[in-house]
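The next block holds one structure in the form of structure tokens; read it before the comments.
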Amino acid sequence: MPAFEESSATHSGERVKVHSASRTIIAIAVAIVAICTTPYADAQPSSAMPGDTSTQGQPVASSAARNRPDSELIRDVRRTLTRTPGLHASGIHVQARHGVVTLTGWVPQRAQVHRAGNAARSVRGVRSVSNRLTVRTRRAGGR
């Protein structure tokens, strides 16, 4: 039996060494994780809420593009509409709110309704397009 007690004493001494070694390893691991994750905390836009997964995995530049001022979106959508071949844009009115562009007014042909919607969607920063354009010929409008 005394051999068992010596062995037990030896094991308890080893436990102390193993326990302090595991504490040291855990402390080093925590420090490495903290150092490695610090730069990623700065990469999130300030508007992101903690736990918000809507922007995870997206580059910061894309979220900046998505948050363009509405006045810039309106200007760029109008410019794109006037430069789109086969689109008569003089009767189109453009509004934007938080990246959602609304097209109202008229175009002379049904194909131009779809063409205008696609052109507006192609503008950087446009989140969605509400296309409320109608088809109207100049004769029918009395102009």
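Every read-out reported here was derived from the displayed coordinates using simple, explicitly stated rules and does not represent laboratory data. The shown structure was predicted, so the numbers you read here are calculated from the model rather than taken from an experiment. Here the Cβ is made from the backbone with ideal geometry for all residues, glycine too, and neighbour counts use every protein chain on show.
Points to keep in mind about this one:
- Potential extension, Arg124-Asp70 segment - 0.36 nm per residue separation minus Cα distance: 18.3 nm
- Label-point gap, in nm, between Thr134 and Ser20 - each point 7 angstrom along Cα→Cβ: 8.6
- Highest-first arrangement of 100-107, 128-135, where packing means the average Cβ count within 10 Å: 100-107, 128-135
- Set against the 2.2 N^0.38 Å expectation for a compact globular protein, segment 65-135 has a Cα radius of gyration ratio of 0.98.
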